[in-house]
Amino acid sequence: EDQVTQSPEALRLQEGESSSLNCSYTVSGLRGLFWYRQDPGKGPEFLFTLYSAGEEKEKERLKATLTKKESFLHITAPKPEDSATYLCAVQPLLYSGGGADGLTFGKGTHLIIQP
Amino acid sequence: KAGVTQTPRYLIKTRGQQVTLSCSPISGHRSVSWYQQTPGQGLQFLFEYFSETQRNKGNFPGRFSGRQFSNSRSEMNVSTLELGDSALYLCASSLTGSINSPLHFGNGTRLTVT
């Protein structure tokens, strides 16, 4: 059974204090690993897709990396507007559907950036 | 460009009743997926439709069903509601239905079963 574990569950940082969020996964072959951001009362917002170990992607203050067992979301010099819940999800290689759906999500990391 | 629209935003139902939720995808998107989000289980995949055909289904009982219309709009139905069905139901659409086409989520329908 595919599993995704995110840590920490919650993280409080000062504005400008860089840190990393962890996503450990167990899947029978990885087709893709996805990062989403979810604000209160809203649906998840897509951030990144990573396909293979060693791959990295960046967007503004966020950088996602992938190894064979885990992914990290690095947040550099965060601002209060980066406060959100960050969700990690995987799709197995043997997934029979054709799209970026059928994802197994982690419970998320609730990130708070204090001014 | 309008995002994914889900209606209604909030819904309160009684045990044993049935409910239908609606989702309008982003214009041009042909794939629609449904997810259930609860504090205990997080986000769980329900099913995905592409060009009116269900392509895949998660591990939910048959009380959960869906359909997609020719204009890509989708509905999800839950029959014989149980207290445990209380959750945020999220719809997501994607352009091509391929893994390279990320999901765009709506803001969900909050269902409360009493």
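Taking A:Asp101, A:Asp82, A:Asp39 as the candidate residues, the one with maximal mean-square fluctuation in a Gaussian network model of chain A, Cα springs under 10 Å, is A:Asp101.
Segment B:Thr5..B:Asn59, full-extension length gain: 16.9 nm, with 0.36 nm per residue of separation and the alpha-carbon distance subtracted. Computed from backbone phi with θ = phi - 60° and the Karplus coefficients 6.51, -1.76 and 1.60, the 3J(HN,Hα) list for the stretch B:66-76 is x, 7, 10, 9, 5, 8, 6, 4, 10, 10, 10 Hz; x is used for glycine and proline. Across peptide A:39-48, the mean count of Cβ atoms from other chains lying within 10 Å of each residue's own Cβ comes to 5. The longest part of chain B holding none of the exposed loop trypsin sites (Lys or Arg not before Pro), meaning those outside H, G, I, E and B in DSSP with at most 13 other Cβ atoms within 10 Å, is B:64-114. Under a model in which nothing but the beta-carbon of Lys, Arg (+1) and Asp, Glu (-1) is charged, the protein assembly as shown shows a dipole of about 500 debye around its Cα centre.
Positive-end ranking of A:Ser20, A:Phe34, B:Thr112 along the dipole of the protein assembly as shown, with charges on Cβ about the Cα centre, is headed by B:Thr112. Within the stretch A:8-115, none of the chymotrypsin sites (Phe, Trp or Tyr not before Pro) combine a DSSP coil assignment with at most 10 other C-beta atoms in a 10 angstrom radius. Restriction of the GluC sites (Glu not before Pro) in the stretch B:38-111 to DSSP coil positions whose beta-carbon has at most 16 other beta-carbons within 10 angstrom yields B:Glu52, B:Glu82. How much of the DSSP bridge set in the protein assembly as shown is antiparallel, in percent, rounded to the nearest 5? Percent antiparallel among DSSP bridges in the protein assembly as shown is about 90.
Which loop-located GluC sites (Glu not before Pro) does the stretch A:14-115 contain, where loop means any DSSP state but H, G, I, E or B and the Cβ has at most 15 other Cβ atoms within 10 Å? For GluC sites (Glu not before Pro) across the stretch A:14-115 that sit outside H, G, I, E and B with at most 15 neighbouring Cβ atoms in 10 Å, the list reads A:Glu15, A:Glu17, A:Glu55, A:Glu60. Taking amide H positions as modeled 1.01 Å from N, with prolines and chain starts lacking one, the residues under 5 Å from B:Gly66 and 5 or more places away or on another chain are B:Asn77.
Since every read-out is calculated from the coordinates, none of them should be taken as a lab result. Just so it is clear, the model here is predicted, and its values are computed rather than measured. Reconstructed Cβ throughout: ideal geometry from the backbone, glycine too, with neighbour counts over all protein chains shown.
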